[in-house]
Amino acid sequence: MRFCIETLGCKVNQFESQAVEAALTARGHSVCAPGDGCDACIVNTCSVTAESGRKSRQAVRRLKRMEGGAVIAVCGCYAQLSPGDAASLGADVVMGAGDRMKLVDAIERLCEARRKNPGETGRVIDVGDASSRREFEKLSGGSGGGRTRALLKIQDGCDNHCAYCVIPRARGRGRSLPPDEVGAQAGRLSGAGYREIVITGIEISSYGNDSGGGYSLSDAVRAAAADAPEARLRLGSLWPGAVTREFARALAEIPGLCPHFHLSLQSGCDKTLRRMGRRYAAADAASAVRALRGEFPGCGITADLIAGFPGETDGEFSETLDFIEKCAFSRMHIFPFSARPGTAAAAMPDQQTRDVKRARAAAARALAGCMSREFARSNVGAAADVLFETESGGVSAGYAGNYLRVYAPGGGMRNLTRRVVITRAIGEDAFGVVGG
Ligand code: SF4
């Protein structure tokens, strides 16, 4: 069977698509480009915003047009929340955001039935109840695209209920992969040659909450570091309220952890945070930043921000701008609020106009750009361990541990970590010399 996979959304979806691909190729099937005569086309959908739902539908329609005779399989968060819509797009297999190996079985079965009988029109619509999922689905993903950075999913689901988010409904309660298995997976990825492992999940700060206090996120990171000493570890998004001094200190004792931390901040104003249903205050996020910088001097701290949340006044927004400026984040992802139908936030009064959302996002991006350039300048003269990924025109590029993008003259360094002395900033990135 020849198959293609199209993945939308987050690192967890990417990890799961890699696991589906690995399972299918392990069964002797081969990856094929869309339009090259695929027997099966898989779309791993996303539903984090209305826009990602639209793009998911678009992908299904496009593949159905390109590969009319193929088995079209739709899975992921959009299919989990809107199975009827996914089926009405003409999908043959509709599965949710779990049961990935059942998906592989169903695709194989339908393709085989169609091979034997081209007129076969059977369908499999089997979307489990996300809220009843209690077991973490163990998958061997992570090994996709290049050999530099691998993803390692250690947690699924979410027990928070932020006002703008549908993910808990799509992914169910929080579930964790026990630390010893995190270690084993990290060892597998490092053994396969990956030099960086990104520890990811839906909400990794709640890792271990389902273990009855048996273990926590720092235990998982410690286990990964122990079993993959050759690779460096990078943490996915953190809940600001969970980043305490103790947590930062525990991380600082773990060898090979990249000094880069991403906070899912969303706002720097308490009133807005309360309206969002985010159970921490701006002061908690500020102490998280201080704790991380205290244990990891020179670290990169990046953050997400939603601009133009319903009810956010000009005053609240400028409070947020002041807050992020004080935190001096090294890079930021800024999202204009996008109402997700079915969420509390979508039903809130005082929805902002598109212009206000755009203007606030632009203001935040301008400030974020200044902070990123300042961060790049602050690294001049410093030495950084850069994992090189690309090479062009005799110049190699990669990321330092603190997530600064670094360019250096020289080639043949792909997937190698080299000590680089930063000689100058180039906008939000930097230039340096290997060895220095
Ligand atoms: S933490 Fe909030 S935004 Fe993130 S997945 Fe959970 S409910 Fe959604």
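Taking θ as phi - 60° and the Karplus parameters 6.51, -1.76 and 1.60, the scalar couplings of the stretch 299-309 work out to 5, x, 10, 10, 7, 9, 9, 9, 9, x, 5 Hz in sequence order, x denoting glycine and proline. 3J(HN,Hα) along the stretch 117-130, derived from phi through the Karplus expression 6.51 cos²θ - 1.76 cosθ + 1.60 where θ = phi - 60°, amounts to 9, x, x, 4, 10, x, 10, 10, 10, 9, 9, x, 7, 4 Hz, with x in place of Gly and Pro.
Can you give the % of DSSP beta bridges in the stretch 65-197 that are antiparallel, to the nearest 5? Numbers along the way, then the final one.
Details: 2 of 9 bridges.
Antiparallel: roughly 20 percent of the beta bridges in the stretch 65-197.
Sequence-ordered 3J(HN,Hα) estimates for the stretch 351-368 from the Karplus curve with 6.51, -1.76 and 1.60 and θ = phi - 60° stand at 5, 7, 6, 4, 5, 5, 4, 5, 5, 5, 4, 5, 5, 5, 5, 4, 5, 4 Hz, glycine and proline given as x.
What part of the accessible area of the stretch 6-133, given as a whole %, is carbon or sulfur when the probe is 1.4 angstrom? The C+S portion of the solvent-accessible surface of the stretch 6-133 is 50 percent. The distance linking the stretch 383-414 with the stretch 2-53 is 30 Å (Cα centroid to Cα centroid, whole angstrom). Here the accessible area is traced with a 1.4 Å probe on the protein chains. For the stretch 383-434, carbon and sulfur cover 50 percent of it. Here the accessible area is traced with a 1.4 Å probe on the protein chains. For the stretch 135-378, carbon and sulfur cover 52 percent of it.
At 222 nm, what value in deg cm²/dmol follows for the chain if DSSP H runs of at least 4 each add -39500 (n - 2.57) and the sum is divided by all its residues, to the nearest 500? Write down the numbers at each step before the final one.
Details: 13 runs with 158 residues, N = 436.
So the helix-based figure for the chain works out to -11500 deg cm²/dmol.
For residue 128, the amide hydrogen comes within under 5 Å of the amide hydrogens of 96, counting only partners 5 or more places away or on other chains and with H modelled in the peptide plane. Loop-located trypsin sites (Lys or Arg not before Pro) in the stretch 251-340 (DSSP state not H, G, I, E or B) with no more than 15 neighbouring Cβ atoms inside 10 Å: 279. Which whole-number percent is the relative contact order of the stretch 266-377 (Cα, under 8 Å, 6+ apart)? Relative contact order here is 30 percent. Placing a pseudo-label 7 Å from each Cα along the Cα-to-Cβ vector at residue 123 and residue 138 gives an inter-label distance of 3.5 nm. Each Lys and Arg adds +1 at its Cβ and each Asp and Glu adds -1 at its Cβ; summed about the Cα centre, the chain shows a dipole of about 600 debye.
Residues whose amide H lies under 5 Å from that of residue 416, counting only those 5 or more places away or on a different chain, are 388; hydrogens are built 1.01 Å from N in the peptide plane.
Residues of the stretch 32-46 with an amide N closer than 16 Å to a point placed 7 Å from the Cα of residue 58 along the Cα-to-Cβ direction: 44-46.
For residue 101 and residue 433, what does the FRET efficiency come to when R0 = 45 Å and r is the distance between their Cβ atoms, rounded to the nearest 0.05? Given R0 = 45 Å and the Cβ-Cβ separation, E is 0.40.
Please give the per residue accessible area of the chain, computed with a probe of 1.4 Å over protein heavy atoms only, in Å².
Solvent-accessible surface per residue comes out at 41 Å².
Only aspartates and glutamates eight or more places from residue 11 in sequence, or on another chain, were considered; those with a Cα closer than 17 Å are 21, 137, 156, 196, 203, 304. Rounded to whole Å, give me the distance from the Cα center of the stretch 283-311 to that of the stretch 147-202. Cα centroid to Cα centroid, the span is 21 Å.
On full extension, the segment bounded by residue 254 and residue 51 gains 69.2 nm, given 0.36 nm per residue less the C-alpha separation.
Going by average Cβ neighbours within 10 Å, how do the peptides 61-68, 102-109 rank, with the highest at the top? Don't skip to the answer; put the middle values down first.
Numbers: 61-68: 15.9, 102-109: 20.2.
So the peptides 61-68, 102-109, ranked by packing, come out 102-109, 61-68.
If one puts a single equal scatterer on every Cα of the chain and applies the Debye formula without solvent, what log₁₀ I(q)/I(0) results at q = 0.06, 0.11, 0.13 Å⁻¹? Result of the Debye calculation: -0.27, -0.92, -1.26. Note on residue 326: lysines with a C-alpha under 27 Å away, same-chain residues under 8 apart excluded, are 271, 357. Maximal additional length on extending the residue 353-residue 414 stretch stands at 17.4 nm, based on 0.36 nm per residue less the C-alpha distance.
In the stretch 2-128, a dipole from Cβ-located charges (positive for Lys and Arg, negative for Asp and Glu) runs towards its positive end, and of 20, 73, 104 it is 73 whose Cα lies farthest in that direction.
Return a whole-number percent for the relative contact order of the chain, with Cα pairs under 8 Å and 6 or more residues apart as the contact set. It would help to have the intermediate numbers written out before the result.
Values: 953 pairs, mean separation 42.8, N = 436.
RCO, the chain: 10 percent.
Compactness of the stretch 9-76 is given as radius of gyration and Dmax, 12.4, 37 Å, from Cα positions.
The values are calculated or read from the model by the stated rules, or taken from the named source; none is laboratory data. All of these numbers come straight from a predicted model, not from anything done at the bench. Quick reminder, even Gly has a Cβ in these numbers, built from the backbone with ideal geometry, and neighbours come from all protein chains shown. Heavy atoms of the whole protein, side chains included, go into the accessibility calculation; ligands, DNA and RNA do not. Shrake-Rupley method; radii C 1.70, N 1.55, O 1.52, S 1.80 Å.
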